[in-house]
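Written out below as structure tokens is the structure these notes cover.
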Amino acid sequence: MNERTAKTCKESLVIKTSRVFPLDTNHHNTLFGGKLMSYIDDVASISAAKHSRFDVVTASTDSVDFLRPIRQTDSVSVTSYVSYVGRSSMEVFVKVIAEDLKSGDRKLAATSFLTFVALNEQGKPVQVPKVIPESDEEIMLYNTAPQRTKVRQERREHSEAFAAVVTL
């Protein structure tokens, strides 16, 4: 396959905004963490597909850092874009903004990094375009990505060693 043209982070930008309904909340009247995690994986997978223009699979979720509760009076906006790439893998950054629909107050409610792998028609990893960061946020994420990549590789090695001794 030929080298693909590099793309900017904003070419993979996805924004999903939803209202928080009573069925989306827990006994604290805040958004279920699992519901938010579903939103995060959904938008991140779209960002990875837009960047690569291939089918993608979630390879890992570093973490979901819940910073502030999202209340029933809020809307929740989940924004994602590809922040760094390897050969076939893409790191996707996701930020979650809660907005009080009456006051207009906005707050960063959560952040997450996920890794996706692009797959060809035979289900094999395929090379993806490099990413070009432009904004201060994108540049900071791009420059700090090698450190996160190293931590992911170490965590994967640990998980594989752990899996070798876990009984089924």
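The values are calculated or read from the model by the stated rules, or taken from the named source; none is laboratory data. Keep in mind it's a predicted model, so treat the numbers as computed, not measured. As a convention, Cβ positions derive from the backbone with ideal geometry for all residues, glycine included, and neighbour counts pool all protein chains shown.
Details
- Restricting the stretch 56-81 to residues that are part of a loop (DSSP other than H, G, I, E, B) and not basic (Lys, Arg), the residue that is nearest to the chain's Cα centre (by Cα): Leu67
- Which numbered condition Gly104 misses (of (1) at pLDDT 95 or above; (2) not in a loop (DSSP other than H, G, I, E, B)): (2)
- Number of the condition not met by Arg53 [criteria: (1) over 11 Å from the mean Cα position of the chain (by Cα); (2) surrounded by fewer than 24 Cβ atoms within 10 Å (Cβ to Cβ); (3) touching a residue at least 60 places away in the same chain (Cβ under 8 Å)]: (3)
- Complete set of residues in the stretch 18-48 that are touching a residue at least 40 places away in the same chain (Cβ under 8 Å) and either within 17 Å of Val117 (Cβ to Cβ) or assigned to a loop (DSSP other than H, G, I, E, B) (or both): Val20, Phe21, His28, Asn29, Asp41, Ala44, Ser45, Ser47, Ala48
- For the stretch 30-40, a residue qualifies if it is surrounded by fewer than 18 Cβ atoms within 10 Å (Cβ to Cβ) and within 14 Å of the chain's Cα centre (by Cα), and the qualifying residues are Met37, Ser38.
- Test result for Lys150, in contact (Cβ under 8 Å) with a residue 60 or more places away in the chain and surrounded by fewer than 16 Cβ atoms within 10 Å (Cβ to Cβ): no
- Tabulated pairs, the stretch 115-137, first at pLDDT 95 or above and crowded, with 16+ Cβ neighbours inside 10 Å, second basic (Lys, Arg) and in a strand (DSSP E or B), C-beta under 7 angstrom, 6+ apart or interchain: Pro129/Lys7; Val131/Lys7
- Residue match in the stretch 77-100 (condition: over 23 Å from Val57 (Cα atoms), hydroxyl-bearing (Ser, Thr, Tyr) and either in contact with a Leu (Cβ under 8 Å, 6 or more places away or on another chain) or exposed (fewer than 14 other Cβ atoms within 10 Å of the Cβ) (or both)): no
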